[in-house]
Every structure is written in structure tokens, then in C-alpha cells.
1. Would you be able to say whether some residue in the stretch 155-169 is surrounded by fewer than 22 Cβ atoms within 10 Å (Cβ to Cβ) and more than 30 Å from residue 107 (Cα to Cα)?
2. Going by the conditions given, is residue 282 assigned by TED's automatic domain parsing to the domain that holds residue 80 and under 30 Å from residue 125 (Cα atoms)?
3. Within the stretch 205-223, count every residue that is closer than 11 Å to residue 156 by Cα and part of a helix (DSSP H, G or I).
4. Out of curiosity, is residue 183 in contact (Cβ under 8 Å) with a residue 12 or more places away in the chain, within 16 Å of residue 235 (Cα to Cα), part of a helix (DSSP H, G or I) and touching a strand residue (DSSP E or B) at 6+ places or on another chain (Cβ under 9 Å)?
5. Identify the single condition in (1) in contact with a strand residue (DSSP E or B) (Cβ under 9 Å, 6 or more places away or on another chain); (2) part of a loop (DSSP other than H, G, I, E, B); (3) over 30 Å from residue 151 (Cβ atoms); (4) modelled with pLDDT under 55 that residue 17 does not satisfy, given that it satisfies every other one.
6. Exactly one of these conditions fails for residue 187: (1) at pLDDT below 95; (2) surrounded by fewer than 19 Cβ atoms within 10 Å (Cβ to Cβ); (3) under 20 Å from residue 145 (Cα atoms). Give me its number.
7. Mind listing just one residue for me: the one in the stretch 245-273 that is in contact with a helix residue (DSSP H, G or I) (Cβ under 8 Å, 6 or more places away or on another chain) and closer than 28 Å to residue 131 by Cβ and, of those, modelled with the lowest pLDDT?
């Protein structure tokens with residue numbers, strides 16, 4: 001198996017400075033933030049990832065706390081993620097779990113004390129019951145590819161990274177234009193490889209975008225959802241989205257793997273359902289926090305009263 005080795009292309013995850021969640025909860029949290037970000041286009045002028053002249057442009061805030069430096073514009077997903085984290089940090093202080101002396105940062109990081117407090121808060125506030133066997137069996141039948149074992153894909157990709165200084169609207173237009181061009185090419189991958197060498201922001205671009213054979217475990221969860229569990233061969237008809245940016249992806253080959261019996265994957269199914277329940281509980285909790293907060297320059301769906309879980 002080969003890969004880009006950078007951890008920044010969507011084929012592997014990279015650890016954050018401080019992570020208040022378990023790996024399973026982080027997977028659910030990433031999916032939640034992605035769904036919140038989907039409520040606004042990446043091209044929204046007020047939150048594209050670029051830097052404006054100092055002192056210009058609005059600063060996004062949560063209850064008066066700035067989420068970024070003056071003049072910096074973040075893409076919607078990054079902005080929402082920072083807002084969610086800040087809502088949780090402030091909630092820990094209101095709950096007496098974190099000192100009022102813990103100060104917020106404008107670079108998206110949290111202190112170790114804040115991370116630990118957020119973990120305690122979520123353990124207390126989010127009640128996640130164990131799924132019943134009937135629910136697990138229904139899930140297994142309804143998701144035949146969810147726990148396939150041995151599935152592999154051979155990939156090439158071109159990464160258009162979303163980073164400070166990038167106009168996301170123009171980035172998307174460029175990526176979509178390249179996607180159309182590469183889907184029309186019929187030369188055994190030569191055009192794709194040349195495009196990767198020219199455009200890709202991933203180190204794999206030097207090798208024509210080659211990522212080699214990958215399994216789900218090799219990929220960031222949101223990237224894996226885009227490329228596994230299907231039958232498509234060739235350049236995918238859509239851009240693949242990940243926390244790192246926009247990907248034009250070519251599936252060179254697939255190995256389907258085998259679907260295990262329910263008994264073989266009972267534990268994994270239970271974990272999947274607990275993740276879903278935890279994510280729904282977190283979504284509702286964040287909606288409550290957002291509904292009671294004063295938000296400036298960032299939009300998170302809020303709720304003034306508790307929602308039924």
C-alpha cells in the first residue's frame with residue numbers, strides 16, 4: 001500500500017494540538033460539523049478562507065469572543081467548528097468545570113484544561129443508551145456495505161486545499177472545471193497525472209496524484225465515505241470533500257471485499273449506532289447552546305427549547 005504520506009490530502013488524518021473527544025466521538029463530530037457547514041455555500045463572501053487588509057472585514061464572534069484574527073476570513077466549515085468548540089468551552093465555564101481565567105484563542109486551539117473540561121461536560125450532558133439487538137440487526141440489513149471487510153480502492157487525486165489566502169469560490173470553480181476536463185479525457189490517465197503534477201496541493205502530485213491501494217482505515221472518515229461502498233471506476237462524477245479541501249478523484253481499481261455476518265460485526269454495528277446517537281445528542285446540545293448565545297458572523301442552527309432525542 002502506498003499513499004502521499006502527508007496526512008493532509010484526506011487519505012489520512014492528522015492529530016490536532018488538543019482533542020477533547022475520543023476517536024469514535026471525533027468521527028461523529030466531524031460528520032456533524034460537515035453537515036452544519038453544508039447549510040451555507042463555500043463561496044459565501046463573508047467567510048471564504050482568505051486574508052483581507054488589516055482592520056477590514058467582520059470578525060466572527062461567540063458571545064463577544066473572537067473566533068479569528070482581524071482581517072482573516074475562514075471557510076464555513078472551519079468557522080463553524082471553531083464556533084462549536086467555543087460554545088462548549090464557554091459552557092464548561094458556566095458549569096464551573098473550567099476556570100474563568102482560561103482565555104480563548106483566535107487560532108482554533110484550546111488549552112489542555114479546556115479540552116479536559118469539554119470532555120467532562122459532554123460525558124455529563126450527552127446521554128447515549130446502548131442500542132437494542134433489534135436496532136443493530138435492522139442497521140446491518142439496511143447498510144450492506146458499512147462493515148465490508150477487505151475492501152480496497154486504488155486511487156489518484158488532485159487536491160485543491162482550502163487554506164488561508166485562498167478564495168474558496170474561485171477554488172471550487174477551478175476544481176469543477178478540472179473535474180469536467182478529466183472526465184472527458186480518455187488517455188489511460190496521462191492527462192490526470194499531468195493535472196495532478198500541475199495543480200495538486202498534495203505531495204502525491206509529484207507522482208501524478210497516485211495514492212496507491214487504500215482501505216477505509218487509511219482515510220479520513222469524510223473522504224472514505226466519498227470513495228468506498230460503491231462500484232464506480234474512473235474519475236468520480238463529483239468533487240470529494242474533506243477537511244483538507246476539494247478532491248478530484250479517479251478510482252483506478254476496486255476490490256469489493258466480503259460482507260461479514262451480523263454475528264461477526266455485532267460490536268462494530270453497536271459502535272456505529274452509538275456514534276449516531278451521540279452525534280444527534282451533540283447536535284441538539286450545540287443547537288441549545290447556539291440558541292442561547294449571541295453569534296456574529298457565523299450561522300449555527302439554534303434551538304430555544306430542548307429537542308426530543
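1. Step one: list which residues in the stretch 155-169 are surrounded by fewer than 22 Cβ atoms within 10 Å (Cβ to Cβ), which gives 161, 163-167, 169.
Right, trim to more than 30 Å from residue 107 (Cα to Cα) and you get none.
No, because not a single residue in the stretch 155-169 is surrounded by fewer than 22 Cβ atoms within 10 Å (Cβ to Cβ) and more than 30 Å from residue 107 (Cα to Cα).
2. Details: assigned by TED's automatic domain parsing to the domain that holds residue 80: yes; under 30 Å from residue 125 (Cα atoms): yes.
Spelling it out, residue 282 is indeed assigned by TED's automatic domain parsing to the domain that holds residue 80 and under 30 Å from residue 125 (Cα atoms).
3. Number satisfying all stated conditions: 2.
4. Details: in contact (Cβ under 8 Å) with a residue 12 or more places away in the chain: yes; within 16 Å of residue 235 (Cα to Cα): yes; part of a helix (DSSP H, G or I): yes; touching a strand residue (DSSP E or B) at 6+ places or on another chain (Cβ under 9 Å): yes.
Here the answer is yes, as residue 183 does meet what is asked.
5. Every condition holds for residue 17 apart from (1).
6. (3) is the only condition that residue 187 fails.
7. So in the stretch 245-273, the residues in contact with a helix residue (DSSP H, G or I) (Cβ under 8 Å, 6 or more places away or on another chain) come out as 245-251, 262, 265-266, 269-273.
Narrowing further to those that are closer than 28 Å to residue 131 by Cβ: 262, 265-266, 269-273.
Working: 262: 92, 265: 91, 266: 93, 269: 93, 270: 94, 271: 91, 272: 88, 273: 92.
The selected residue is 272.
Residues are listed down the side, and each one gets a yes or a no for (1) closer than 27 Å to residue 162 by Cα; (2) modelled with pLDDT of 90 or more:
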site	(1), (2)
235	yes, yes
243	yes, no
285	no, yes
299	yes, no
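The values are calculated or read from the model by the stated rules, or taken from the named source; none is laboratory data. Everything numeric in this text was worked out from a predicted model, so none of it was measured. We place every Cβ from the backbone using ideal geometry, glycine too, and count neighbours over all the protein chains shown.
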